[in-house]
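Trainee: Okay, here's the structure, questions in a sec.
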Amino acid sequence: MSLLKEPDLGTPAVVSQTTVSVEVDGHPVTVPAGTSVMRAAALSGIDIPKLCATDSLEAFGSCRLCLVEVDGKPGTPASCTTPVVDGMKVRTQTPRLEKLRQGIMELYISDHPLDCLTCSANGDCELQDMSGVVGLRQVRYGYDGDNHLDAPTDSSNPYFDFEASKCIACSRCVRACDEIQGTFALTIEGRGFESKVSAGGMSFMDSECVSCGACVQACPTATLQEKSVVQLGMPTRSVITTCAYCGVGCSFKAELRGDELVRMVPYKDGGANEGHSCVKGRFAFGYATHRDRVLSPMIRESIADEWRVVDWDTAISYTASKLREVQERYGVGSIGGITSSRTTNEEVYVVQKMVRAAFGNNNVDTCARVCHSPTGYGLKQTFGTSAGTQDFKSVAQADVIVVIGANPTDGHPVFASRMKRRLREGAKLVVVDPRRIDLVRSPHIQAEHHLQLAPGTNVAVVNAMAHVAVTEGLTDQSFVDERCEGYDEWAEFIALPENSPEAMEPITGVPATELRAAARLYATARNAAIYYGLGVTEHSQGSTMVMGMANLAMATGNIGRDGVGINPLRGQNNVQGSCDMGSFPHELPGYRHVSDDAVRAVFENLWGRTILSEPGLRIPNMFDAAIDGSFRALFLQGEDLAQSDPNTQHVTAALTAMDLVVVQDLFLNETAKFAHVFLPGTSFLEKDGTFTNAERRINRVRPVMAPATGKHEWQVACEIAQAMGYPMHYDHPREIMDEIAALTPTFAGVSFDKLDRLGSVQWPCNDKAPEGTPIMHVDGFVRGKGHFVPTTFVPTDERSTRKYPLILTTGRILSQYNVGAQTRRTANVMWHEEDMLEIHPHDAEQRGVRDGDWVKLDSRSGGTALRARITDRVAPGVVYTTFHHPETQANVVTTEFSDWATNCPEYKVTAVQVSPSNGPSDWQREYAEQAEHSRRIAKVAAE
Ligand code: SF4
Ligand code: SF4
Ligand code: SF4
Ligand code: FES
């Protein structure tokens, strides 16, 4: 695809029931009332010159280049700020307008470096374009007077420069930061000639800027420009694909020059992001081609041996024969596989098929086990579908937004920007979180209520909110009567005095009056929506909490339309998809239980193999069985278990006990230290397939470059299956999607052709909904009636004690991503060089800890050391850290407790002690040495 330039209609679309008809240069056009003259003209095919206007921002009217004449009106109004009026006749090209525009351009150019030919934006500069469009032929004013040509350049940001001498003070950057991103980092300082863009009087790097790139995108000149464009030159072609980081699933144009990726530009037609991005997707893609990547397969007999680089055929036949050997010795159920939420739907599908059809068992699980498995369970029990109810756009209709156990500005930044826009418009916010996340108070946003609960007491809080709704008569009885079942029993339970805010206050730490006020706000809103994250699911009562939220939404009628719903903010890019694709040991693709004979028959028919009717092993069962000696070999797709799973010592003991560990990944990760086969994986830039985001949106992932390893991951799984004696072959991933569609009713209408035509679709996509389903449960619940489930609060067994008096909870930071394998290999480390422990001033003082001191963090599972940050973001008794750096290994301290229904680990509650320390612990020092050793091996392998 050549470089794709998206049309810019100048001002945003207007939604209106009424239309008006106007004439532009004699061309009739009908548009929604309120549309600008500029946009109406553009829609009729006439581009009016412009500089300060762009259709992603509200019109501002500062450059005056877009002047037009309107019959019967004096003067020359700016077309970007003038709305159309029925019958209006507009002229956009007259000698008077031409002269005025040339005069304006002349002034701009007289204060602009005339280095177009050597400028990095040559060919992609609106100032340059407009000079041509208005027919500028001369500039009468010289450079002798005052000008800005010596204004200094700010290069502090690792990804973009701010070359102030080229700024035309159009304020598009300022407005992008305010309106799109919602960070308000920029202002125009001074007036008239003195006016200039300022990042709060400091460098971009030191300012509030979060490097989302919206200002760079909006800038019409080379003032704000990606460093990669300056270094590599303007891209010449683009490919539309999907970000590989979080569950928002932003669409991007990968822009290349030859075969070199120059930049990732957020795609305006992307359903999830509509042209916005965050620092990770926009800039942190360098890991994909990082020198640490291992590009050749490697094998070794024992984990004490050095790796041996081999060709693909050797690696595949070695893997297959070892797997068979283990099965012959220890039984069919002695091997299994784990799929990854970082890979495509097609790649996940083939791995679970390999396990079920070639391995001959159901021992397949997914990394979603450790994050959102309670979402799948809880929403299936109550609504009938293991997925969120809304599309992201829906938040624009919410009047009350409740954010529980999620930190969207860090974890799901592009969705957070949408949410913040709605909050600035007046929607009310309730935050339920042990920590004061940024949303609680940020520019122009102030939460009505921050319920700062004790970690581990979510269910108590949601029950108390439902108690208020039921006992104060705030439920939506007609919704309940028509659409739900089990209400009476649930209402009787929830109205019990022990569920009242007053009874729960000593447990949750949330003042009853505050909780009552928050519950009333939610229950009485026209539209109230709940958004939640891993702070809900990663608890011993994760599934209970998901059902508790679903109960509350049903009782108050907040399901089945725009602006409401229960919305999981998924962690990884394809966590929804990896669950949809049948990665759980008890479910075939489309969440159908393996015990269902009819369902199994459909798969058996097509696959030509018998599928076991008994569920296989979950990840924690695999570990236990490995330690017992009955589970002996594991195929691990793109998942760093040794770092990401709880209770690291237990995990590593299990990995060490196995005869064969096969790791497929980009890098020699922590788990690879225990592997016998390393199969190099492909980055998202090499993949061809689909990801499914948190709103069930299936997006295409298109290959930007050929696999550097010489093989796609789906091919590797097929070839292993083949070598084990099960014929499995596809010529292209589109055939895999066709098979998924043929076997999975919710995907029946999905195909690559349709995705290419529509851009994306949200499942269910089938005959009933050929173009997908943005909002679920509109006319009825998928399971028929919505099902109320009583949700008794059971405190976790993990309690603070005299030995471990503090509770540790964990989370993510904007610039880093999960275990950091990707982001630590980019310039994003500039924002977060290490994990730090947040501790309340009171707890720090008691322990003699000062800001920046090294501290020991110990639990009954293990200990680590990191530096302290003293802050009142956390309440007394609670400490918090991120888990992005393997040197810290927060999971060394997390315990084996897990969700009762799904085994999702209880990462969010660990009783710990914090004490002063001299520096890293012994194992951390050892780790640093080992890591250096691994890097050397990777380098050798890469060569
Ligand atoms: S990069 Fe984003 S946050 Fe930073 S100044 Fe630009 S728009 Fe604002
Ligand atoms: S930096 Fe770019 S967008 Fe911002 S005011 Fe200057 S020219 Fe306009
Ligand atoms: S919000 Fe998520 S999907 Fe979008 S660019 Fe950022 S990391 Fe990528
Ligand atoms: S584009 Fe209308 S005033 Fe600048």
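Trainee: How long is the gain from ARG291 to GLU771 if the chain were fully straight, where each residue apart is worth 0.36 nm and the alpha carbon distance is subtracted?
Mentor: 168.6 nm
Trainee: Further question: Please report the spacing between the Cα centers of region 449-509 and region 739-818 in Å, no decimals.
Mentor: Distance between centres, Cα-based: 23 Å.
Trainee: Debye sum, Cα scatterers, region 172-314, no solvent: what log₁₀ I/I(0) at q = 0.21 1/Å?
Mentor: Results for region 172-314 at q = 0.21 Å⁻¹ read -1.31.
Trainee: Going by average Cβ density within 10 Å per residue, which order do the peptides 484-497, 37-50 take, highest to lowest?
Mentor: The packing order, highest mean first, is 37-50, 484-497.
Trainee: May I ask which residue of PHE160, ALA199, PHE184 lies farthest towards the positive end of the charge dipole of region 150-203, with charges of +1 (Lys, Arg) and -1 (Asp, Glu) on Cβ and the Cα centre as origin?
Mentor: PHE184
Trainee: While we're on this one: Give me the extension gain from THR801 to ARG64: residue separation times 0.36 nm, minus the current Cα-Cα distance, reported in nm with one decimal.
Mentor: 258.5 nm
Trainee: Among GLN715, ILE698, MET622, which residue has its Cα positioned farthest towards the positive end of the charge dipole of region 614-746, with +1 placed on the Cβ of Lys and Arg, -1 on the Cβ of Asp and Glu, and the dipole taken about the Cα centre?
Mentor: So the residue we want is ILE698.
Trainee: I would also like to ask the following. Binning every alpha carbon pair distance of region 816-875 at 5 Å from zero, what are the percents per bin?
Mentor: In order of increasing distance, the bins hold 4, 17, 21, 19, 21, 12, 6, 1 percent.
Trainee: Of ALA633, GLN446, ASN918, whose Cα points farthest to the positive end of the dipole of the chain (charges on the beta-carbon: +1 Lys, Arg; -1 Asp, Glu; origin at the Cα centre)?
Mentor: GLN446
Trainee: Here is a further query. Rg and Dmax of the chain, Cα atoms, in Å?
Mentor: Spelled out, the Cα radius of gyration and Dmax of the chain are 28.8, 92 Å.
Trainee: Given charges of +1 on the Cβ of Lys and Arg and -1 on the Cβ of Asp and Glu, with all other atoms neutral, how large is the dipole of the chain about its Cα centre, in debye to the nearest 20?
Mentor: Computed about the Cα centre, the dipole is about 920 debye.
Trainee: Please quote Rg/Rh for region 580-694 to two decimal places, taking the Kirkwood radius as Rh and restricting both calculations to Cα atoms.
Mentor: 1.01
Trainee: Something else now. If I model a spin label at GLU834 and VAL230 as a point 7 Å from the Cα along the Cα→Cβ vector, what separation in nanometres do I get?
Mentor: Here the answer is 3.1 nm between the modelled labels.
Trainee: May I ask for the distance between the Cα centers of region 187-229 and region 101-126, given as a whole number of Å?
Mentor: Taking the Cα centre of region 101-126 as reference, the centre of region 187-229 is 18 Å away.
Trainee: Counting Lys and Arg as +1 and Asp and Glu as -1, each charge on the Cβ, what is the dipole of region 281-366 about the Cα centre in debye, to the nearest 20?
Mentor: So the magnitude is around 260 debye.
Trainee: DSSP beta bridges in the chain, what fraction antiparallel, as a percent rounded to 5?
Mentor: About 60 percent, rounded to the nearest 5.
Trainee: Continuing with this model, one more query. Ordered by packing density, taken as the mean number of other Cβ atoms within 10 Å over each peptide's residues, highest first, how do 429-435, 73-79 rank?
Mentor: So the order, starting with the most tightly packed, is 429-435, 73-79.
Trainee: Continuing with the same structure: Relative to the compact globular guide of 2.2 N^0.38 Å, what is the alpha carbon radius of gyration of region 104-246, as a ratio?
Mentor: In units of the 2.2 N^0.38 Å rule of thumb, it is 1.09.
Trainee: Under a Cβ-only charge scheme (Lys and Arg +1, Asp and Glu -1), can you give me the dipole magnitude of region 160-262 about the Cα centre, in debye to the nearest 20?
Mentor: Once rounded to the nearest 20, the dipole reads 280 debye.
Trainee: Binning at 10 angstrom from zero up to the longest distance, how are the C-alpha pair distances of region 174-257 distributed in percent?
Mentor: All Cα pairs considered, the percentages come to 15, 39, 34, 11, 1.
Trainee: To test your reading of the geometry: what angle, between 0 and 90 degrees and rounded to tens, separates the Cα axis of helix 733-743 from the longest principal axis of the chain?
Mentor: 60 degrees
Trainee: Sticking with this structure for a sec: Can you give the angle from 0 to 90° between the axis of helix 312-330 and the longest principal axis of the chain, with both taken from C-alpha atoms, to the nearest 10?
Mentor: Result, in degrees: 30.
Trainee: Give the peptides 534-544, 152-162, 449-459 in descending order of average Cβ contacts within 10 Å, highest first.
Mentor: In decreasing order of mean packing, 534-544, 152-162, 449-459 become 534-544, 449-459, 152-162.
Trainee: What pairs from LYS280/LYS687; LYS353/LYS380; LYS253/LYS768; LYS711/LYS768; LYS5/LYS280 go past 27 Å between their alpha carbons?
Mentor: Too far apart for the 27 Å limit: LYS253/LYS768; LYS711/LYS768.
Trainee: Using modelled backbone amide H atoms (1.01 Å from N, in-plane), which distant-in-sequence or interchain residues come within less than 5 Å of GLY213's amide H?
Mentor: Result for GLY213 returns nothing.
Read-outs throughout are calculated quantities, based only on the coordinates presented, and are distinct from any laboratory measurement. Here the structure is a predicted model, which means the values were calculated and not measured. Positions of Cβ are generated from backbone atoms using ideal geometry, with glycine treated the same way; all protein chains shown enter the neighbour counts.
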